[in-house]
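The values are calculated or read from the model by the stated rules, or taken from the named source; none is laboratory data. Since the structure is predicted, the reported quantities are computational estimates derived from the model, not experimental observations. Here Cβ is always computed from backbone atoms with ideal geometry, including for glycine, and neighbour counts include all displayed protein chains. For accessibility, only protein heavy atoms count, side chains too; no ligands or nucleic acids. Shrake-Rupley method; radii C 1.70, N 1.55, O 1.52, S 1.80 Å.
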Amino acid sequence: MILAFREYIIQHLCCVWMFYEKWDMMKIFTCKNRFEDMMTCIYDAWEYALVYGHENVSLIREPVVQLSFMDEYIHIEPDADKVKKVVRSIIKSISYEAYMDVYYAALSADDTLDDIYRFLNVGFRMGPALTRMLTEPVVIRMMEHRRKVGNEIHYWREFTRFNAIENKVYVAHIEPKCDVIYMVAGHFADRMTSEHFMIIDENRKYAVMHPADGEMYLTDLSDSEMNVLKKTEEYADEYRVLWDVFFHTIGIRQRENAKCQRNMFPVWMRKHAVEFMEKK
Amino acid sequence: MFELQKGLSVQEKLHILADAAKYDVACTSSGVDRKGGKGMLGNARACGICHSFAADGRCISLLKILMTNHCVYDCKYCINRVSNDVQRAAFTPEEICELTVEFYKRNYIEGLFLSSGVLRNPTYTMEKMCETLALLRNQYHFNGYIHVKTIPGASDELLAKAGCLADRISINLELPTEESLKELAPNKSFQTIINPMAKVSNTIAENRIALGKNAHMERSFGNRYLRGSIFNDENMKSLEGKKENTGMIGQTDARSGLKALDLTNDRELGIYGASDHIRPFAPAGQSTQMIIGASGESDYTLLQTTQRLYQSFDLKRVFYSAYIPINEDSALPSLDTAPPLLREHRLYQADWLLRFYGFQADELLSEEKPDFNVQIDPKCDWALRHLDIFPIEVQTASYDMILRVPGIGPRSAKRIMQARRYGSLSYEGLKKMGVVLKRAHYFITCGGHMMFKTPIEEKYIMRQLIGAHSKENWQITHTEQYHQMSLFDDFGVS
């Protein structure tokens with residue numbers, strides 16, 4: 001009995017040993033949560049994988065919460081040349097559609113970096129058909145990422161509320177999950193070309209500025225700037241009152257349906273919406 | 001007509017006139033893509049944008065107001081009828097423009113929805129409305145979405161002007177047959193509604209051809225190419241030659257009988273944009289609305305009317321509004337009648353089947369079975385009556401057939417068509433593509449086998465589907481809110 005048990009242990013250890021020998025150390029490439037960083041990270045990981053194989057590479061977006069025991073972590077800094085190369089080859093050898101999938105996925109709140117890498121892995125083999133190959137699990141996953149980010153962009157087109165300062169400057173505060181303010185601002189730049197406006201991402205502490213009849217741009221905001229800008233939400237404005245009146249009049253009492261309302265206008269998006277803010 | 005209180009504030013007027021407009025349902029801003037530009041305000045997106053959702057869960061996309069709720073008509077179902085004692089008010093054109101532009105800049109709304117009670121007479125009212133729209137477009141340079149209701153009985157020139165200024169133009173049919181219209185809306189007649197509808201429809205078609213487009217409105221996902229679709233060229237053509245039976249829309253054959261509106265004088269009217277850019281005539285098409293449950297029509301009549309409206313007038317949308325009792329009248333349902341929300345829901349489902357899935361009204365309902373099954377949706381109901389063609393194989397079936405499977409919509413059908421060219425499908429994959437297997441698995445095979453061992457029996461599948469639908473149906477019919485009783489809030493103990 002004991003002998004059999006010893007035999008079993010030895011055999012088992014041998015298996016683990018063989019497995020370890022065969023299983024080379026995994027290289028894990030990490031980078032910051034920005035489009036340029038991610039593209040560079042993909043470039044460097046790919047370069048490594050050409051020698052050691054794609055299965056020995058993994059990509060994680062920082063912060064890395066839990067380090068594993070036997071893998072090696074490499075932090076990647078952005079490099080403009082590499083970004084250009086990656087973007088160019090996606091558009092050239094796969095399709096523009098695939099590039100849009102990658103771009104949207106990169107904006108996502110979740111860590112989509114590894115999915116993007118696997119997506120491109122299939123893509124460079126398959127070419128332009130890639131985005132239609134929905135039987136491939138990673139293509140479906142990318143489609144879901146794109147849908148999620150695209151939906152959030154559309155939500156903020158609907159629910160962003162501007163506060164007018166002296167009827168000259170329009171300021172909006174939003175707290176999106178995905179990094180979407182630039183895409184959202186593009187919509188308003190066409191809509192209000194001849195107005196000054198800004199959209200502030202409260203979570204990421206940066207903003208899109210749009211001067212009247214000018215080009216819009218992104219800018220980081222310091223804490224003191226954030227505090228000053230916070231006050232714009234308390235700015236007295238008669239149209240805020242009028243909108244509140246309209247909003248509370250237009251519903252039909254006999255059809256009241258809070259659940260439907262929540263489905264259509266999720267509660268987490270109501271924080272800066274005038275009609276749902278508490279009255280002072 | 002007098003206003004008893006002079007000098008209402010804008011806020012009070014907004015309250016009165018939004019309250020009077022809330023029963024109108026067509027609050028959509030879809031159907032037209034237009035870019036913004038320097039010096040003007042606004043653009044339009046074909047997908048439509050909702051900006052908020054009211055307590056009843058309906059979207060708020062446009063500033064939906066009446067110009068005035070003074071009205072000389074006495075339609076029995078309407079809150080603003082002349083015999084009702086309600087507070088009356090009227091906006092000036094400037095007030096409406098200011099409200100629209102300022103709300104728009106704050107991103108509260110997508111544009112203006114302007115309707116009105118009949119002040120003095122239809123022509124005077126319509127003239128006032130056109131004045132407002134012209135001011136908004138030309139003085140305030142507003143380039144966003146405008147939906148205008150036309151007043152039955154207004155002159156052709158005003159109709160033409162309204163169409164040139166607005167994106168969508170609509171005239172409410174309210175009731176699907178001549179008899180019920182006579183009974184409930186004594187001042188309106190079928191002709192005063194159908195004739196302008198036909199004229200607008202002809203003008204839109206003429207204008208589209210002049211702009212180098214197809215005469216018919218765009219329909220999404222290529223459903224014009226589906227064999228059975230009501231928008232199919234052949235089905236449209238066969239209708240034009242046909243004379244319909246009496247009592248319903250279509251028999252007037254208004255489309256060929258009436259000429260299009262004359263747009264030639266419009267340049268002098270100053271309703272084109274500042275530059276030489278010519279604004280198309282109602283680019284987002286026209287729509288209408290019908291009240292459900294005020295008169296005794298069956299679902300079959302309503303759906304047939306809907307189909308005729310789509311085919312003979314090329315309407316972009318037909319809206320349904322569950323009747324909410326606000327007036328007491330012997331000709332109307334009593335005041336404690338609950339609005340028929342589930343019936344309205346079923347009709348909208350059927351409307352989608354007509355517009356996106358290539359179904360026809362006669363396939364869904366018939367003289368023998370004039371109302372929808374309340375327990376399951378119209379598509380499941382249709383599939384259960386045609387079990388002889390199911391299950392179908394998703395790997396090889398045609399797009400038309402895949403679209404007819406309950407639980408598969410235009411998007412997932414398109415994805416199936418794309419995916420199966422590159423690999424074999426699986427149930428897991430179908431689920432990821434957006435197919436609702438809860439309903440679909442009774443009607444499809446994938447790779448030659450069904451998902452479960454299912455007997456193809458009508459009674460069995462019906463039972464299963466009713467189980468799957470019951471929660472949703474209950475939620476639509478029971479919208480009241482329940483909450484936990486609290487000693488502090490409910491009984492005032494503190």
List the residues, sorted by chain then number, that are 5 or more residues from residue A:74 or on another chain and whose placed amide H is less than 5 Å from its amide H. A:28, A:29, A:30
Mean Cα-pair separation over length for chain A, i.e. relative contact order, pairs under 8 Å, 6 or more apart, %: 12
Degrees between helix B:410-419 axis and first principal axis of chain B (Cα, 0 to 90, nearest 10): 50
Kindly rank B:306-317, B:157-168, B:178-189 from highest to lowest mean number of other beta carbons found within 10 Å of each residue. B:157-168, B:306-317, B:178-189
So what are the ³J(HN,Hα) numbers for segment B:134-151, from phi and the Karplus equation (6.51, -1.76, 1.60; θ = phi - 60°), rounded to whole Hz, Gly and Pro as x? 5, 4, 5, 6, 9, 8, 8, 6, 7, 10, x, 7, 10, 10, 10, 8, 9, 9
Treating only Lys and Arg (+1) and Asp and Glu (-1) as charged, each at its beta carbon, one finds that chain B has a dipole about its Cα centre, in Debye to the nearest 20, of 1940
Given a 1.4 angstrom probe, what's the average accessible area per residue across segment B:374-477, in square angstrom? 48
Set of lysines near residue B:438 by C-alpha distance (under 27 Å), chain-local residues within fewer than 8 positions excluded: A:148, A:259, B:369, B:379, B:414, B:453, B:459, B:471
Suppose we keep just the DSSP beta bridges with both residues in chain A; what percent of those would be antiparallel, to 5? 45
In whole percent, how big is the carbon plus sulfur part of the accessible area of segment B:105-225, probe 1.4 Å, protein atoms only? 49
When only Cα pairs under 8 Å and 6 or more residues apart are kept, what is the percent relative contact order across segment B:374-477? 34
Residue mean of other protein chain beta carbons inside 10 Å, A:160-167: 2
In segment A:24-151, what percent of the accessible surface is made up of carbon and sulfur (1.4 Å probe, ligands and nucleic acids excluded)? 54
In Å², nearest 100, what accessible area do chains A and B bury in total when the solvent probe is 1.4 Å? 5400
Within segment B:190-229, whose backbone N sits under 12 Å from a point 7 Å along Cα→Cβ of residue B:400? B:225-229
For the ranges B:112-120, B:441-449, what's the packing order if you count other beta-carbon atoms within 10 Å of each residue, average per peptide, and put the highest first? B:112-120, B:441-449
Cα gyration tensor of chain B - equivalent ellipsoid semi-axes, whole Å, descending: 40, 29, 24
Report, ordered by chain and residue number, the lysines lying within cross-link reach of residue B:76, taken as a straight Cα distance under 19 Å and ignoring same-chain residues fewer than 8 apart. B:22, B:182, B:188
5 angstrom amide H check on residue A:134, placed H, neighbours 5+ away: B:419
Would you mind working out the magnitude of the charge dipole of the protein assembly as shown relative to its Cα centre, with +1 at each Lys and Arg C-beta and -1 at each Asp and Glu C-beta, to the nearest 20 Debye? 1360
Given a Förster distance of 41 Å, report the FRET efficiency between residue B:189 and residue B:9 from their Cβ-Cβ distance, rounded to the nearest 0.05. 0.60
Restricting the calculation to Cα positions, tell me the Rg (one decimal) and the Dmax (whole number) of chain A in Å. 25.0, 89
Residues hit by the 10 Å² burial cutoff in segment B:399-416, accessible area with a 1.4 Å probe, assembly against chain on its own, are B:415
For residue B:128, counting only aspartates and glutamates whose alpha-carbon sits under 14 Å away and dropping same-chain residues fewer than eight positions off, the answer is B:94, B:95, B:157
Per the C-alpha gyration tensor (a ≥ b ≥ c, the square roots of its eigenvalues), segment B:394-450 is rounded if a/c is under 1.5, else prolate if a/b beats b/c, else oblate; here it's rounded
Compute the distance in nm between two label points, each set 7 Å from the Cα along the Cα-to-Cβ direction, one at residue A:175 and one at residue B:120. 5.4
Given C-alpha coordinates of the protein assembly as shown, what is the ratio Rg to Rh with the Kirkwood estimate of Rh? 1.01
Inter-chain Cβ neighbour average for residues A:236-249, partner chain, 10 Å: 6
State the answer as a single residue: which of B:331, A:194, A:139 lies farthest towards the positive end of the charge dipole of the protein assembly as shown, with beta carbon charges of +1 for Lys and Arg and -1 for Asp and Glu, about the Cα centre. A:139
Report, in whole Å, the centroid distance computed from the Cα atoms of segment B:91-147 and segment A:185-204. 25
Under the rule of at least 5 residues apart or a separate chain, name every residue whose amide H is placed under 5 Å from the amide H of residue B:62. B:110
Neighbouring partner chain Cβ atoms per residue of B:97-108, average, 10 Å criterion: 6
Rounded if a/c under 1.5, otherwise prolate or oblate - segment A:144-274, Cα gyration tensor axes: oblate
With a 1.4 Å probe and all protein chains left in place, how much accessible area per residue does chain A have, in Å²? 54
Rounded to the nearest percent, how much of the accessible area of segment B:374-477 (1.4 Å probe, protein heavy atoms only) is carbon and sulfur? 54
Those residues in segment B:451-479 that give up at least 20 Å² of accessible surface, probe 1.4 Å, once the partner protein chains are present instead of the chain by itself are B:475, B:479
